[in-house]
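Working notes for the structure below.
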Amino acid sequence: MFNTKRSTVPTSEEDAEMLELGFRTDEQLKNLKNSNRTLKIAVSVLGLLVTVLCAEFAAVIHRFSVVEYLTEHVLIKQPTEYNVEVLTRNVQVVPVHSHNDEMRYVPFFDAYTKGCNSIEADTWYLPEHPDTLLVGHNKGYLRKDNTLDNLYLDHLWHSLIDANSESEDDKINGIFYNSPEATTYFYIDVKSDGIKTLELLEEKLKEFLDRDFLTTFNQTSGEFIEGPLTVVITGAYPYDYIVSKDFRYMFIDAPLNLLEDEADLYPARNVSIFASCSLEQITGLKNKPWNYVHGITEDDLEKVSSTLARAHEIGLQTRIWDTPAWPLYVRNGVWRQLIESGADYLNVDDLKAATGELW
């Protein structure tokens, strides 16, 4: 009988010659397959990394290009005239919340001209400035010219006046030309002395109230009327002070993560209109990229969905803040998951990405 199985190593000059002509031993074939498999995995991983890095690089280049910088931060300034049609004629209202809006190059207008109808201002009352509400994310960055009036209330007032200057009926228009029925949610993030802050804010809102520009709730009649401007109080708000008012035109940003047990404290279209919390308060995970590199897990998505559903059951709109901002593919993926889970508004720092790009 002849042995037809080739040896795994060359045993003669003939075997060596056959290897030189292109033949392979079993051992070499096995090693070759393993090498090919390893090479394919390495190429796949490298391809994924290149794709992610290219996307990140393209986004950074786009954001910081010369044209982008000029159009977004130099040529666009606060208008000298308040013409709602000129400012928002081609603008679509989008469910995007301008977080820390005072930190933008042009507060209010950056968000307004991109269609964001939800804007937040970090607001401070200081005893040494008893007639002024200052705006700034941190106390150390407060400036005497950065007041709630200068950065927001004056612009809102003049925009509302312009939007209603030629109204032919009793209907009061909002500040978006293509969506006059849309209210603008103006969040006051209380940073110090809640009662003093709101007492002074009431004085500043009086002219808005007199023109029926504000969303209101009448405790006596139970009537809720949505106006073109809805004031929402968040941060260190004085709950008892707000709910003690029989006629209410400031509404509390309810704690989204606590509604399972505290829903009765925040009745919709009465005490509250919105509810919000951080993503960490739902999932228990810190806002770190590695915690969300593959998105929100299925188990955590169930928590998110049930939390949002609870708010919707009692009639509150929702917003989840402190979500990943980088890498961009992680940020965009989490945005998609939140919207798909039922979040009503995205809490956003990068307005251009949220309102103008495919994510």
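Quick notes on this structure:
- A single entry from Glu81, Glu120, Glu85, Glu102 fulfils the requirement of being charged (D, E, K, R), exposed (fewer than 13 other Cβ atoms within 10 Å of the Cβ) and not in a loop (DSSP other than H, G, I, E, B): Glu85.
- Of all residue pairs spaced 6 or more apart or on separate chains, those with beta-carbon atoms under 6 Å, a first member in segment 116-131 that is more than 17 Å from Ile233 (Cβ to Cβ) and a second member that is of a type in the set (Gly, Ala, Ser) are Cys116/Ser98; Asn117/Ala182.
- Residue check for Arg310: buried (at least 17 other Cβ atoms within 10 Å of the Cβ), under 27 Å from Thr184 (Cα atoms) and among the basic types (Lys, Arg): yes
- Filtered by the rule that a residue be in contact (Cβ under 8 Å) with a residue 12 or more places away in the chain and not aliphatic (A, V, I, L, M), segment 205-219 gives Glu207, Phe208, Arg211, Asp212, Phe213, Thr215, Thr216, Phe217, Asn218, Gln219.
- Segment 150-169, residues that are crowded, with 20+ Cβ neighbours inside 10 Å, of a type in the set (Phe, Trp, Tyr) and over 21 Å from the mean Cα position of the chain (by Cα): none
To keep it simple, each residue is scored yes or no on (1) of a type in the set (Lys, Arg); (2) surrounded by fewer than 20 Cβ atoms within 10 Å (Cβ to Cβ); (3) in contact (Cβ under 8 Å) with a residue 40 or more places away in the chain.
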{"residue": "Lys171", "(1), (2), (3)": "yes, yes, no"}
{"residue": "Asn178", "(1), (2), (3)": "no, yes, yes"}
{"residue": "Ala182", "(1), (2), (3)": "no, yes, yes"}
{"residue": "Val190", "(1), (2), (3)": "no, no, yes"}
{"residue": "Glu203", "(1), (2), (3)": "no, yes, no"}
{"residue": "Phe224", "(1), (2), (3)": "no, yes, yes"}
{"residue": "Gly227", "(1), (2), (3)": "no, no, yes"}
{"residue": "Ser244", "(1), (2), (3)": "no, yes, no"}
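- Candidates Thr216, Thr220, filtered to the one that is over 19 Å from Tyr125 (Cβ atoms), out of contact with any Gly (no Cβ under 6 Å at 6 or more places or on another chain) and surrounded by 13 or more Cβ atoms within 10 Å (Cβ to Cβ): Thr216
- Scan of segment 256-268 for residues that are touching a strand residue (DSSP E or B) at 6+ places or on another chain (Cβ under 9 Å), touching a residue at least 24 places away in the same chain (Cβ under 8 Å) and surrounded by fewer than 16 Cβ atoms within 10 Å (Cβ to Cβ), ordered by number: Leu265
- Residue ranges of strands (runs of 3 or more DSSP E) in segment 203-249 with at least 2 members closer than 27 Å to Ser192 by Cα and modelled with pLDDT of 95 or more: 216-218, 229-235
- Selection count where residues are under 25 Å from the mean Cα position of the chain (by Cα) and either more than 21 Å from Thr123 (Cα to Cα) or β-branched (Val, Ile, Thr) (or both), scope segment 226-261: 14
The values are calculated or read from the model by the stated rules, or taken from the named source; none is laboratory data. On a predicted model such as this, the values are computed, not experimentally measured, just so you know. No Cβ is skipped: glycine too gets one built from the backbone with ideal geometry, and neighbour counts run over all protein chains shown.
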